[in-house]
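Peer 1: Could you have a look at this structure, given as C-alpha cells, before my questions?
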Protein chains: 2
Amino acid sequence: MMENIAEKSLERSSGEIRKMSFAEPHERSSAGVHFASQVPKWDIQEVAVCGPREGNPFTEHRIRGCFYGKNETVEAEGFYDGEGRYLVRFMPSFEGEYRFEIRADFLKEAERGSFRVLPAEAGNHGPVRVADTWHFAFEDGTPYYPVGTTCYVWELQDDSRIEETLASLKESGFNKIRFCIFPKHYDYNLKEPRSYPYEGTPMDSSVLTKENFWQYAGKTEGNHWDFTRFNPAHFRHIERCVAALGRLGIEADLIVMHPYDRWGFSGMTKEQDDLYWNYVAARFSAFHNVWWSLANEYDLLKKKTTEDWERYAQILCEKDPYLHLRSIHNCASFYDYSRPWVTHCSIQRQELYRSAELTDEWRERYRKPVVLDEIAYEGNIQYGWGNITGEEMVRRFWEAACRGGYPQHGETFLNPDEVLWWSHGGTLHGESWKRVRFLRSILEETPGCGLAPRRREWDEVCCVPQRETGERICSYYLFYYSFMRPSFRDFYFDEDTPFEAEVIDTWNMTVEKKGVFSGHFRVELPGRQYMAVRLRKAEL
Amino acid sequence: MMENIAEKSLERSSGEIRKMSFAEPHERSSAGVHFASQVPKWDIQEVAVCGPREGNPFTEHRIRGCFYGKNETVEAEGFYDGEGRYLVRFMPSFEGEYRFEIRADFLKEAERGSFRVLPAEAGNHGPVRVADTWHFAFEDGTPYYPVGTTCYVWELQDDSRIEETLASLKESGFNKIRFCIFPKHYDYNLKEPRSYPYEGTPMDSSVLTKENFWQYAGKTEGNHWDFTRFNPAHFRHIERCVAALGRLGIEADLIVMHPYDRWGFSGMTKEQDDLYWNYVAARFSAFHNVWWSLANEYDLLKKKTTEDWERYAQILCEKDPYLHLRSIHNCASFYDYSRPWVTHCSIQRQELYRSAELTDEWRERYRKPVVLDEIAYEGNIQYGWGNITGEEMVRRFWEAACRGGYPQHGETFLNPDEVLWWSHGGTLHGESWKRVRFLRSILEETPGCGLAPRRREWDEVCCVPQRETGERICSYYLFYYSFMRPSFRDFYFDEDTPFEAEVIDTWNMTVEKKGVFSGHFRVELPGRQYMAVRLRKAEL
C-alpha cells in the first residue's frame, strides 16, 4: 500500500546538476547559468552558476542572489556545491513574476533572469510559523499540530533503510522528525555513516566495542578532515531526504550540532564552526519544511559557550531569509528559551518522573510553544531514557497535549541488527505510534489553532481550544484522567447549554457517544486508565 | 482457614467489669478495688476502683496511679468508665514484682497492691520505637517494618463486618492500621456509626444524600451532645478492637481528630478538646500497640490552630507514660515534622504525580522515619485520590521502600453496598495487597533495621540495609527499576567480591536466582515493568 517514496525522491533529485534543481524545466540566462522558468510557491528556485574549481572554492569565493517579486525582495547567500558548481536557492512566498540578480566575486557582472511563481503544490502550506503565542500554523493559515518523532541519523543509513523509514513515516502519521546533519557516535551507533560532511578520512572504527566506545566520545585522534572543504554529496543527500519528507507533509527538524561525536565535528574552531553554519544556512534555508534545532543536548558540548550558541543563532537569523523556526535542545539544563531568537521550547524532560506534567508551567514561564522533543522512548534498552511502555508514552502525550504542549515520540527496542528507530529509523515496533496518530486526528478535529489549559479539578487535566486571536472557545472541553480510573465524573454547567459528551479511550482509540446533557450531569466511565471526556456544545 | 478472631476478642473483653480487665485472675486489695495478680510484660494491668456516680464523674473527679517496679516507676492517669467504675491502666515494661498506689479525690487514702509481671506473651515485642533515625524497632529489638493500611472507621461497623475485617487483616500481612476514634461523615460514609463518643443524640441523618452531604460537613445543627460526658461503651469497644489487633501483631495508628464530621466533634471548645485528649490518653496509652495520629488532614480542621495542635501534643507527652509514637497527618500542607514531639513523618502525598519518589528528600529534611500514610488508594471511585491501579500502588510501595521510607496501603473500590476498605474494612478486592505482603517478606529477610538509599544511577533506585548503629551493610544491594523496562543492567563491583544476583518480579512475586558474579557483570532482565535486582554477597 506504500508508494516507493524514497526511490521516487532519489530518482528525482540524484545524479547530475540538472536533476539537483528542484523545479523543471531549466532556463539558461547565459552560458553556465541555469534556473527554472517556473516554480511553485514555497518550492525552491535554484540558480546554478559555473565558477572556479581551483584553490578552495568553499572559502575563497562568495555568491549571493537577490530575488524581486511584487510582494517581497529576498537576499539569499549561495554556496559551492563542488565540481565548479555554485548554487543560490530561493523559496518564493508569493505567486507571480519574479526577477533575480546573482553576484559573485568571480562574475564580472550580475547574472539576471526572471521566472514565474505558480500556485503552491497540493499539500505544501508553506513554512510553519508560531501562532497565538503557544501554537503553530502553516504560512497559509492551516493549523499545524506537531506530532513528531526522532530518528537521529535515519538519513545516513543505506538506501533501503531510508526507504523503509519513509514508508513507516507515511503510515505513522508523524508530521515532524528530528535528525542530525552530523553522524552519530553512541551505543548502537558505532558503524560508519554513509557519508561525511567534510573531505578527509575518519578514525578506524574497527577498534570500537560496546565497552570502549565511551572513551572515543569527543576525541579527534585518528581523524583527518579538512574542515574548510565540505563534502557536497553529504549535504545533497540530506537535502533529498528533506525534500522527500516535505512531499509527505513532514517537517524536518534539523539538528545542526550534537555531542555524540568521535570525528571531531563537535570540537572545531570558531572559524570552522562559522563556516559550517553559513554553509548549512545557505543550503537548507530554502526548504519550506526545515526547522532549526541548533543542537541536540547543547549542554553536553562542553567546548561551546553561550556566546557560541548566540553567534550561531545570529548567523541563522541573518542568513535564513525565511526565518524558519529555531530552538535548541537540552540534556540537563534548559537553554534560556526567553532569548528572542528562540521561537519555541524544544524540551528534554529534566526529571525521571514528571515531564508532560510540567507543560503548563513551561508555557507560562516562556510564553512560547512548548515542544517536548524528548519525554523518554518507548522501548526496552538498558538506559532509563529508552525503556518506557507504550502506555506511558501515550499517557505523556495526552498529558502534554491537554496542557497545550506538543509531545514528541521516540522508540528504542532492542533489535538483533541494532536498528533502533531512535537513531536508524526503519520499522516501528512499539504500540504508542498508532495512539499518537489517533491523538493527532483528535487534535485536527478540534476548532481553533491549539489547546489551552483551563482551570480544573486537582485530579484531571482540562483544556479548551484557542483561536488565532487568543480567544478561548468555550463550547468545547477535553478532560483527561491519565493513570487514574474514575468510574464516573460529575460535570457542572449551566442548564441552558447542552453538551454532547463522548468518552475517548486514548489507548484503545475509541470514541463513544454518551448523549446530550446540560446542568449538573454525570458521565459514566469504564474504570480503566487513559480515558478522556470530550464535551462539545450540541447543535440543537 | 481464618480463626474467628473478632469473636474471640469480643468474648474475652466484653461484658462486665471483671471481663474488661486485660489480665486474669483478679486480686482485690480492698472492697471495690480489683486488679490482676499477674500480668505479662507489655500487657495491661487495670486497677478498677468503685467511686461516685453522682454529678459529673468525668469532670468532677480525678484518679491516678503510681506503679513501682525494680526498673521503672510509672505515674498513670485514670478515667471514669461509667457505672461508678474508675480505672487506672498500666503497661509494665519489665518482668518481676510491682506494687502500686492509687489516689483519687474520692478516696480517703491511697489504695495499694502488688502484682507480678510475667514474660511477654508470644508475639508481643512491646511498643514500636524509632530506631536509627529513620527506622523502627519493637522495644525488644525486633526490627519493625510498617506495612500498613487505612480503614478509617472499620471499628465502628457492625460486629460481622469487624470480624470480616480482622480476618482480612490477618491474611493480608498488614502490620499497622490507621483508624479514627470519632465517626466519619463523607461520601460513602453517611450511615450512623455503631456508637458515639458522647452522651446525646445526633442530627437526623435521613436528610443526607450523596448530593447534599457536603453542606453538613463541619456543621453542628441538629446535634445534641454533652461534651462533658463521654460514652464509655464507645471507647471500650474501640479498645477491644485495639486489643484484637494487638493479638494479630498489628499496630493501631489511632486518629484522634479529623475533619470529616457532621456531629460537631471537630468544633468543640478548647476545654472540651482538652477533656477529650486527656480521656483518650488515659484510656489508650497502656495498649502496647497504640500509635498516636493527632489528626487526619489536620489542615482541614479550620477551627484548630497550631497552638491547639501543640497543646494536644503536650497532653500526650505528659499523659502517655509510654511515649508511644506520635505524628500528625496532612491534607495539603505538612505539619512541621521537625517539632520535637513528632516521632515520625505521617505523610499524605502533596502532588498528583510524585509521592514515593520524594521519600529521600523528606528523609533528609526531617531526619525521622518517613511513613507515607496516604499515597492514593487502589480503586475506581470518582476521586483522583481513590482510583489508581494495583500496579501503580505497588510501584509506589517499592519506590518508597527502596528509598528508605514506609509506604502504606489503601483501597477504594466501588461496591453496591458502599462498603469500601478505606473506611469500612471488610474484604480486600484489589491486587496490590498481596504484593505488599510480598514486599514485607523481602524487607523482613533483609539484615539490619531498615533500608538506606544509596548513591545510584539517575534511572534506578538503590538501597542498602542499615544497622541500628547507623552503619550501612554493603554486602547487600537492592535495585528497583519502577516503570522502566531495561532488558539488562550492567554492574561494576570489585573482582574480589562475589555477589549472588536475583531478579525480583515485584508484581508477579517471584525471585529468580541468576548466579554468582563479581567485577563487571551483566544481569539479564525480562524487559517488563516493576523489576528489582537483589545482590547479596555470596558465601564462598
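Peer 1: Could you list, in sequence order, all residues of region B:343-361 that are among the hydrophobic types (A, V, I, L, M, F, W, C) and either closer than 16 Å to B:Leu420 by Cα or surrounded by fewer than 23 Cβ atoms within 10 Å (Cβ to Cβ) (or both)?
Peer 2: Answer for region B:343-361, where residues must be among the hydrophobic types (A, V, I, L, M, F, W, C) and either closer than 16 Å to B:Leu420 by Cα or surrounded by fewer than 23 Cβ atoms within 10 Å (Cβ to Cβ) (or both): B:Leu352, B:Leu358.
Peer 1: Shifting gears a bit: Which of (1) within 23 Å of A:Arg489 (Cβ to Cβ); (2) in contact (Cβ under 8 Å) with a residue 60 or more places away in the chain does B:His429 not meet, given it meets every other one?
Peer 2: Every listed condition holds for B:His429 apart from (2).
Peer 1: Mind checking which residues of region B:403-428 are away from every other protein chain (no Cβ under 14 Å), touching a Ser or Thr at 6+ places or on another chain (Cβ under 6 Å) and of a type in the set (A, V, I, L, M, F, W, C)?
Peer 2: Once the filter is applied, which keeps residues that are away from every other protein chain (no Cβ under 14 Å), touching a Ser or Thr at 6+ places or on another chain (Cβ under 6 Å) and of a type in the set (A, V, I, L, M, F, W, C), region B:403-428 yields B:Trp422, B:Leu428.
Peer 1: Given the options B:Arg326, B:Arg339, B:Arg365, name the one that is surrounded by fewer than 23 Cβ atoms within 10 Å (Cβ to Cβ), farther than 30 Å from B:Met91 by Cα and away from chain A (no Cβ under 11 Å).
Peer 2: B:Arg365 is the lone residue from the list that is surrounded by fewer than 23 Cβ atoms within 10 Å (Cβ to Cβ), farther than 30 Å from B:Met91 by Cα and away from chain A (no Cβ under 11 Å).
Peer 1: Let me ask something additional. Of the residues that make up region A:212-228, is at least one among the β-branched types (Val, Ile, Thr) and either in contact with a strand residue (DSSP E or B) (Cβ under 8 Å, 6 or more places away or on another chain) or open to solvent by less than 30 Å² (accessible area, probe 1.4 Å) (or both)?
Peer 2: No - not one qualifying residue is present in region A:212-228.
Peer 1: Would it be correct to say that A:Ser432 is within 14 Å of chain B (Cβ to nearest Cβ) and under 30 Å from A:Glu163 (Cα atoms)?
Peer 2: It is true that A:Ser432 is within 14 Å of chain B (Cβ to nearest Cβ) and under 30 Å from A:Glu163 (Cα atoms).
Peer 1: I would also like to ask the following. Report yes if B:Ser114 is part of a helix (DSSP H, G or I), open to solvent by 20 Å² or more (accessible area, probe 1.4 Å), without any contact (Cβ under 8 Å) to a residue 40 or more places away in the chain and out of contact with any Ser or Thr (no Cβ under 6 Å at 6 or more places or on another chain), otherwise no.
Peer 2: In short, no.
Peer 1: Given the conditions (1) out of contact with any Cys (no Cβ under 6 Å at 6 or more places or on another chain); (2) at pLDDT below 95, report the number of the one that B:Arg456 does not fulfil.
Peer 2: (1)
Peer 1: Shifting gears a bit: Take region A:302-323 and flag every residue that is open to solvent by less than 40 Å² (accessible area, probe 1.4 Å) and closer than 20 Å to A:Ala131 by Cβ.
Peer 2: If the condition is that a residue be open to solvent by less than 40 Å² (accessible area, probe 1.4 Å) and closer than 20 Å to A:Ala131 by Cβ, then A:Asp320, A:Tyr322 are the ones that fit.
Peer 1: In region B:381-393, which residues are open to solvent by less than 30 Å² (accessible area, probe 1.4 Å) and either assigned to a loop (DSSP other than H, G, I, E, B) or away from chain A (no Cβ under 13 Å) (or both)?
Peer 2: Once the filter is applied, which keeps residues that are open to solvent by less than 30 Å² (accessible area, probe 1.4 Å) and either assigned to a loop (DSSP other than H, G, I, E, B) or away from chain A (no Cβ under 13 Å) (or both), region B:381-393 yields B:Ile381, B:Gln382, B:Asn387, B:Thr389.
Peer 1: Considering A:Phe491, A:Phe521, which residue is farther than 30 Å from A:Thr389 by Cβ, within 12 Å of chain B (Cβ to nearest Cβ), open to solvent by less than 50 Å² (accessible area, probe 1.4 Å) and free of Cβ contacts under 8 Å to residues at least 60 places away in the same chain?
Peer 2: Exactly one of A:Phe491, A:Phe521 is farther than 30 Å from A:Thr389 by Cβ, within 12 Å of chain B (Cβ to nearest Cβ), open to solvent by less than 50 Å² (accessible area, probe 1.4 Å) and free of Cβ contacts under 8 Å to residues at least 60 places away in the same chain, namely A:Phe491.
Peer 1: Within region B:274-291, which residues are in contact with a strand residue (DSSP E or B) (Cβ under 6 Å, 6 or more places away or on another chain) and part of a loop (DSSP other than H, G, I, E, B)?
Peer 2: Within region B:274-291, B:Ala286, B:Asn289 meet the criteria.
Peer 1: Identify, by number, the condition in (1) assigned to a strand (DSSP E or B); (2) over 22 Å from B:Ser338 (Cα atoms) that B:Glu271 doesn't meet.
Peer 2: It fails just one condition, (1).
Peer 1: Out of (1) open to solvent by 30 Å² or more (accessible area, probe 1.4 Å); (2) modelled with pLDDT under 95, the odd one out for A:Ala6 is which?
Peer 2: Only one criterion in (1) open to solvent by 30 Å² or more (accessible area, probe 1.4 Å); (2) modelled with pLDDT under 95 is unmet by A:Ala6, namely (1).
Peer 1: If you take the residues of region A:84-98 that are open to solvent by 10 Å² or more (accessible area, probe 1.4 Å) and either among the hydrophobic types (A, V, I, L, M, F, W, C) or part of a loop (DSSP other than H, G, I, E, B) (or both), which of them is nearest to A:Phe138 (Cα to Cα)?
Peer 2: The selected residue is A:Ser93.
Peer 1: What number of residues in region B:187-207 are closer than 15 Å to B:Ser423 by Cβ and not acidic (Asp, Glu)?
Peer 2: The number of residues fulfilling the criteria is 6.
Peer 1: Restricting attention to region B:212-230, does a residue exist that is among the hydrophobic types (A, V, I, L, M, F, W, C) and part of a loop (DSSP other than H, G, I, E, B)?
Peer 2: Yes, there is a match, as at least one residue in region B:212-230 is among the hydrophobic types (A, V, I, L, M, F, W, C) and part of a loop (DSSP other than H, G, I, E, B).
Peer 1: Then there is this: For region A:164-181, which positions are crowded, with 24+ Cβ neighbours inside 10 Å and not aliphatic (A, V, I, L, M)?
Peer 2: A:Thr165, A:Phe174, A:Lys176, A:Arg178, A:Phe179, A:Cys180
Peer 1: What is the number of the single condition among (1) open to solvent by 10 Å² or more (accessible area, probe 1.4 Å); (2) assigned to a strand (DSSP E or B); (3) within 14 Å of chain B (Cβ to nearest Cβ) that A:Arg528 does not meet?
Peer 2: All conditions are met except number (2).
The values are calculated or read from the model by the stated rules, or taken from the named source; none is laboratory data. All values reported here derive from a predicted model rather than from experimental measurement. Don't worry about glycine lacking a Cβ; one is built from the backbone with ideal geometry, like all the others, and counts go over all protein chains shown. Protein only, heavy atoms only, side chains kept; ligands, DNA and RNA dropped before computing areas. Shrake-Rupley method; radii C 1.70, N 1.55, O 1.52, S 1.80 Å.
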